[in-house]
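Report on the following structure.
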Amino acid sequence: MSEPTNEHSSAEEQAAEPRHDEPSGEGLPGSSSNPTTDAGEMPAAGAEEAVTDEWSVAAQQLIDEAKAALDDNANAALTDGQRIVQLEELIAERTDDLQRLQAEYVNYKRRVDRDRAVAKQQGIDSVVKQLVPVVDTVATAREAEEITGGFKAVADELDKLAVTMGLTSFGAPGDEFDPNLHEALLQIPTADFPPMSIAQVIQRGYKLADAVLRPARVAVAVEPAE
């Protein structure tokens with residue numbers, strides 16, 4: 001067999017060597033070694049959008065890096081005195097925030113404590129108001145010496161409970177008449193009591209702490225006619 005000529009080998013080597021004068025497109029976002037399809041077709045619209053997105057991301061990264069570099073340079077340019085001033089301003093702002101939060105918490109705690117006390121007192125008032133007729137009946141029976149035997153122990157416990165809750169009775173003959181505490185039902189001409197004083201207690205009054213639950217119904221003494 002005959003050996004291939006040198007001219008034929010040289011032609012094959014030239015065909016196999018890549019051409020360096022044609023741009024390859026490598027290294028760019030969205031580029032590939034074969035940017036076109038067969039028969040010279042252009043990439044689809046989705047591929048163009050992908051390339052645009054990649055360029056946008058790359059551009060944004062460059063912008064972010066530039067901003068970070070500027071910030072670092074700005075911070076590096078600050079003197080120690082300027083840094084101290086910035087720290088003092090930051091500390092003052094945080095201190096004001098903490099003081100404001102503490103004041104808000106103190107006010108909130110006061111409101112909660114006040115509301116809790118009011119709710120507790122309202123509950124006591126509701127119970128004691130229902131006990132007033134019972135306590136009044138027991139007191140009337142005690143004055144008439146009608147409480148004896150086992151019921152006396154029950155009455156004593158009821159009186160202790162009323163005192164514990166802050167329930168007190170008021171209104172006695174000889175007390176000065178007070179329209180805020182007493183309700184005058186009639187007048188009695190008498191020399192036994194000073195004028196405008198209580199001559200007779202018709203129904204006791206009751207107070208819970210300083211609040212009047214029921215005014216005392218009384219007869220007021222007046223000067224007798226000559």
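Observations, loosely collected:
- Hits in the range 142-175 (condition: in contact (Cβ under 8 Å) with a residue 40 or more places away in the chain and over 20 Å from residue 120 (Cβ atoms)): 170, 171
- Boolean, residue 148 is more than 18 Å from residue 224 (Cα to Cα), within 44 Å of the chain's Cα centre (by Cα) and exposed (fewer than 12 other Cβ atoms within 10 Å of the Cβ): no
- Considering the range 118-135, and only residues there that are within 11 Å of residue 167 (Cα to Cα) and among the charged types (D, E, K, R), the residue that is modelled with the lowest pLDDT turns out to be 125.
- Taking the range 157-191 as the range and being among the small types (Gly, Ala, Ser) and either surrounded by 13 or more Cβ atoms within 10 Å (Cβ to Cβ) or at negative phi (or both) as the test, the residues that pass are 162, 166, 169, 171, 172, 184, 191.
- Qualifying position, being within 51 Å of the chain's Cα centre (by Cα), of a type in the set (Gly, Ala, Ser) and closer than 21 Å to residue 126 by Cα, among 209, 184: 209
- Exactly one residue among 179, 189 is over 17 Å from residue 211 (Cβ atoms) and either of a type in the set (A, V, I, L, M) or at pLDDT 90 or above (or both), and that residue is 189.
The values are calculated or read from the model by the stated rules, or taken from the named source; none is laboratory data. Quick caveat: nothing in here was measured; it's all calculated off a predicted structure. In this analysis, Cβ positions are derived from the backbone assuming ideal geometry, glycine residues included, and neighbour counts consider all displayed protein chains.
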